[in-house]
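A quick write-up on the structure given underneath.
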Amino acid sequence: GENVEQHPSTLSVQEGDSAVIKCTYSDSASNYFPWYKQELGKRPQLIIDIRSNVGEKKDQRIAVTLNKTAKHFSLHITETQPEDSAVYFCAASKRQGAQKLVFGQGTRLTINP
Amino acid sequence: SAVISQKPSRDICQRGTSLTIQCQVDSQVTMMFWYRQQPGQSLTLIATANQGSEATYESGFVIDKFPISRPNLTFSTLTVSNMSPEDSSIYLCSATGANTEAFFGQGTRLTVV
């Protein structure tokens, strides 16, 4: 089955700097890759996603890149703010809305003022 | 976007007893899932709740321990049976429609004493 590896497990950056979180997946049939943000005590919430027919997607300060050949995808957050502090999870699925999500281990991001 | 109501939000239970968690979605969805999340850990899929038929369980999870029902498109229950302290965790319901993102309930924090 699918296996998703996520790095780093913790990340601390200065406010205003950029943060990058990386994930690799094992199943070449996976073609949908969402990123979720989970604040303490809250439910995971989707922040951005990408499908395999796209190499990059951007939404304001957040971007995701995908390399299907290498089977890895990354989350980029620019101009980080204190409210970006949370745990971020990557995930992979064979088809959005119709297949289960397999999650990475999570990255605890801390933004230092 | 779909809204998922999950209850109870938390419970403290005696070992050997069972707890049933309910998940209600405000719109029709195609897929419903149940996850477990240990404190500080990632989301682990327990099973896919199939409407009108037996759930599909992931490796390491069995129907006798985690019976699941899904009588219609918008409602599902997860029962944690014969509980032990090792079952203490957060249980999350998730739902997705065709070609839509996966949404999560607010979670049920279970403590077994």
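Anything in region A:1-28 that is over 11 Å from residue A:71 (Cα atoms) and of a type in the set (A, V, I, L, M)? List them, or say none.
Listed by number, the residues that qualify are A:11, A:13, A:19, A:20, A:21.
Hey, can you tell me all the residues within region A:22-41 that are at the interface with chain B (Cβ under 10 Å from one of its Cβ atoms) and of a type in the set (Phe, Trp, Tyr)?
If the condition is that a residue be at the interface with chain B (Cβ under 10 Å from one of its Cβ atoms) and of a type in the set (Phe, Trp, Tyr), then A:32, A:36 are the ones that fit.
Among the residues of region A:50-64, is any farther than 16 Å from residue B:96 by Cβ, free of Cβ contacts under 8 Å to residues at least 60 places away in the same chain, among the small types (Gly, Ala, Ser) and surrounded by fewer than 17 Cβ atoms within 10 Å (Cβ to Cβ)?
yes
Of everything in region B:73-103, what is touching a Phe, Trp or Tyr at 6+ places or on another chain (Cβ under 8 Å) and within 11 Å of chain A (Cβ to nearest Cβ)? Give them in sequence order.
Selection gives B:92, B:93, B:94, B:95, B:96, B:102.
Please work out which one of (1) more than 11 Å from chain B (Cβ to nearest Cβ); (2) not in a loop (DSSP other than H, G, I, E, B) is the condition residue A:53 fails and give its number.
Residue A:53 satisfies all of (1) more than 11 Å from chain B (Cβ to nearest Cβ); (2) not in a loop (DSSP other than H, G, I, E, B) except (2).
Of the conditions (1) part of a loop (DSSP other than H, G, I, E, B); (2) buried (at least 19 other Cβ atoms within 10 Å of the Cβ); (3) among the basic types (Lys, Arg), residue B:15 clears all except one; give me its number.
All conditions pass for residue B:15, except number (2).
Could you tell me which of the residues A:36, A:25 is surrounded by 13 or more Cβ atoms within 10 Å (Cβ to Cβ) and either over 27 Å from residue B:109 (Cβ atoms) or aliphatic (A, V, I, L, M) (or both)?
Answer to the check: A:25.
Could you list, in sequence order, the residues of region A:72-84 that are in a strand (DSSP E or B) and over 14 Å from the mean Cα position of the chain (by Cα)?
Within region A:72-84, none qualify.
In the set A:107, A:10, A:69, which member is more than 12 Å from the chain's Cα centre (by Cα) and touching a residue at least 60 places away in the same chain (Cβ under 8 Å)?
A:10
Does residue A:16 satisfy the criteria of being modelled with pLDDT under 95 and small (Gly, Ala, Ser)?
The answer is no for residue A:16.
What is the one condition in (1) among the β-branched types (Val, Ile, Thr); (2) closer than 15 Å to residue A:30 by Cα; (3) over 12 Å from the mean Cα position of the chain (by Cα) that residue A:50 does not satisfy?
(3)
Quick check on region B:60-107: of everything there that is under 20 Å from residue A:89 (Cβ atoms) and touching a Gly at 6+ places or on another chain (Cβ under 6 Å), which residue is surrounded by the most Cβ atoms within 10 Å (Cβ to Cβ)?
Among those residues, the one meeting the criterion is B:93.
If I filter region A:85-113 down to residues being among the β-branched types (Val, Ile, Thr) and under 17 Å from residue A:39 (Cβ atoms), which single residue comes out as nearest to the other protein chains (Cβ to nearest Cβ)?
Going through the qualifying residues, I end up with A:87.
Working only within region B:64-113, note down all residues that are of a type in the set (Val, Ile, Thr) and within 10 Å of the chain's Cα centre (by Cα).
B:68, B:77, B:79, B:80, B:90, B:108
The values are calculated or read from the model by the stated rules, or taken from the named source; none is laboratory data. From a predicted model like this one, the values you see are computed outputs, not experimental measurements. Don't worry about glycine lacking a Cβ; one is built from the backbone with ideal geometry, like all the others, and counts go over all protein chains shown.
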